[in-house]
1. Pairs Lys208/Lys263; Lys506/Lys571; Lys262/Lys346: which are spaced more than 30 Å apart, C-alpha to C-alpha?
2. Going by amide H atoms built from the backbone, whose H comes under 5 Å of the H on His323, apart from near neighbours?
3. Tell me, Arg480, Arg106 in order of fewest to most beta-carbon neighbours within 10 Å?
4. Taking the Cα centre of the chain as origin and charging only Cβ (+1 Lys, Arg; -1 Asp, Glu), how large is the dipole, in debye to the nearest 20?
5. Go ahead and estimate [θ] at 222 nm for the chain from helices alone: -39,500 (n - 2.57) per DSSP H run with n ≥ 4, summed, over the residue count, rounded to 500.
6. Give me Rg over Rh for region 466-605, both radii from the alpha carbons and Rh done the Kirkwood way, two decimal places.
7. How would you rank 518-527, 181-190, 335-344, highest first, on the average number of other Cβ atoms within 10 Å across their residues?
8. Against the 2.2 N^0.38 Å scaling, with N counting residues, where does the chain land? I'd like the Cα-based Rg ratio to two decimal places.
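Any read-out appearing in this document is the output of simple, stated calculations on the displayed coordinates, not a laboratory observation. Just so you know, these numbers come straight off a predicted model, no measurement behind them. Here the Cβ positions follow ideal geometry from the backbone for every residue, glycine too, while neighbour counts run over all protein chains shown.
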Amino acid sequence: MPTLAESRRSAGHDPPKSAGWAWRLLPVALIVLFGWPGHGRGQASDAPAAQQQSYKVGILTCHQTPLALEAVEAFQRAFDLGQIPHTYDLVEVRGDQALAVETLQRWNQDKVDLIFTVGTEASLLAVQEAQDTPVVFIAAPDPALVGPGDASACPARNATGSSTSVDMAARLRLFRECLPHLKVLGVVCDRSSVVAAAEVAEARLKAKSVKLTLREATVTQAREIAPAIEKLTQEGIDALWVPTDTLLLENLPRIAAAIQSKKVPVVTSAPEGMDPAEENLLSLVAVVADYAQLGRLSAETALDIVTAGKSPSDIPVRRVAPHAIIVNADAAAAMGCTVPPPFLAKAHKVLRGYEGQTVTIPGTDDSQELLQDLAQALLDGTQGGQIEVPDSAGSSGGIRALLAGKAPLARVARALTSEEQKAGLTCVTFAKAPIVFVVHPSVLGIDNITRQDVVGIYSGRITKWETLNAKEGRIYAVTRESGNAGLRVLNAQIPELAGITEHRAKVLYTSPEARDALVGHRNTFGFLTTSAAAGTELRILSVDGVQPSPLNVRSGAYRLVVPLSIVYKDKPTGLARRFIDFLFSKEAQEIISAMGAVPEGRTGR
């Protein structure tokens with residue numbers, strides 16, 4: 001299935017032959033659901049399938065969240081069942097409003113057949129900027145999108161969609177099911193939040209019917225949150241409810257700091273604060289819109305528009321969304337709460353540790369094995385989750401994967417370029433790795449090499465070990481490709497080496513290949529990072545009498561060093577954030593040192 005990391009996708013693949021009778025019945029099911037193609041749906045066509053119009057669907061998200069991912073994937077799966085030729089242009093702007101506007105204007109000019117948006121911000125921009133294009137949205141119950149009061153149509157004539165509102169009585173009943181002792185529910189609300197104010201007003205009407213007392217406190221700015229919570233807890237509440245309120249959701253650490261010492265559980269209308277990786281565990285249970293179901297409903301609406309010619313203004317906005325229940329078992333344990341097993345059984349997700357989270361870190365091979373060891377050390381003491389450190393794609397390849405949304409982190413062994421900095425990337429250096437010259441253990445009588453000797457070997461002027469007063473034998477040199485971070489460091493520190501037009505050496509393209517060649521053949525010479533050389537019998541040479549010791553690296557006496565860094569664009573969350581924090585722990589620093597690298601403190605950014 002497509003993911004948010006994919007920017008374009010074509011549909012129309014044949015089903016596998018092994019699918020059996022279910023696939024043979026699929027066309028019949030589709031006729032029942034959608035009508036015979038081109039008949040009774042507003043558009044007739046006698047053209048053969050190969051000549052049918054290919055529909056273009058733009059998909060826009062402003063923020064990459066698990067719920068947005070669920071909605072987009074469900075939309076694509078359901079839309080694909082329409083069996084019409086189509087392509088997707090999926091753009092994640094990651095909070096960049098200017099890019100969102102530019103994308104929408106481009107789609108409007110290119111006359112895409114439909115725009116699908118997830119999130120209130122993306123949806124509002126779409127109805128404003130793409131007025132000539134049909135828009136199907138999933139958004140909060142904002143009056144600008146779903147209309148005032150009981151209106152069933154979006155005020156914008158080019159748009160329709162689904163509201164993420166959840167029936168308030170159902171939500172309150174679920175809070176009570178999760179917390180059987182719950183009788184008094186406290187809530188903090190920003191007066192200026194239209195969505196949150198509507199939620200609280202509805203809760204005020206429905207609380208009595210579910211045998212709850214609602215105690216309210218209003219705020220207008222972040223510094224008022226803690227005093228408001230203190231007031232509620234003094235009055236006596238059994239739980240604190242966080243509604244869909246931007247001010248509150250942007251200040252969850254303030255709420256956590258104010259409520260956790262009171263041992264008052266938190267319930268919420270939003271998924272923010274449910275991440276078990278957060279330093280301050282917050283929400284115990286969230287009752288939110290079922291975004292996967294909304295994605296499927298949106299695909300049904302989209303097919304009505306593009307294949308049957310229906311106008312968005314004629315399709316009512318869906319105001320009642322199915323709900324999903326998310327339980328944070330770690331938060332329950334921290335608060336001393338016992339969630340009833342029947343409630344856990346009905347939950348859509350039960351979050352424990354990092355269960356279900358996978359973090360992939362592509363990039364340079366200079367830190368590949370070190371990061372693999374560090375990842376395993378973290379996972380050995382962590383519940384759930386997986387960290388993958390794949391084979392080398394190079395520092396630049398890792399950053400390309402990061403910018404394409406294919407990975408939350410990248411590993412690099414160089415500083416960021418100016419273009420990468422302009423792209424909003426953050427680089428966190430966790431270690432420095434000396435680049436060391438090594439020889440096979442068969443090479444005896446040499447413990448030091450000069451820079452001139454290195455130039456002589458790689459230029460082909462020095463071909464025998466006896467020239468360097470070592471045991472007799474021919475020198476078999478190994479080097480790396482021109483883009484390698486270690487070679488770049490050597491060229492910068494040894495200018496004569498950079499001037500060699502053709503190295504008299506075997507060029508290899510990964511650290512494991514270079515290490516295996518050096519270990520597996522007598523009389524070899526080459527360079528590696530200390531972490532790549534660790535655990536082998538290769539002998540490390542001093543350079544001009546200076547050893548690549550941690551002391552000499554820190555003092556700058558040994559200058560053949562590459563930085564080992566982690567790069568990210570969006571602020572890491574979950575297991576990704578936990579891994580970065582772990583890199584600066586005492587346990588990780590001991591592993592880094594044992595691998596021959598020099599750990600950096602938190603200031604190494």
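1. On the way: Lys208/Lys263 25 Å; Lys506/Lys571 41 Å; Lys262/Lys346 28 Å.
The pairs that break the limit, which is 30 Å between Cα atoms, are Lys506/Lys571.
2. Under 5 Å from the amide H of His323: Asp290.
3. Working: Arg480 24, Arg106 15.
Sorted ascending by nearby Cβ count, the order is Arg106, Arg480.
4. On the way: 60 positive and 64 negative charges, 90 e Å.
Computed charge dipole of the chain: roughly 440 debye.
5. Numbers: 24 runs with 223 residues, N = 605.
Theoretical 222 nm ellipticity from helices: -10500 deg cm²/dmol.
6. Values: Rg = 17.4 Å, Rh = 17.3 Å.
With Rh from the inverse mean 1/r over Cα pairs, Rg/Rh is 1.01.
7. Order by mean packing, descending: 181-190, 518-527, 335-344.
8. Working: Rg = 30.0 Å, N = 605, 2.2 N^0.38 = 25.1 Å.
So the chain has a normalised radius of gyration of 1.20.
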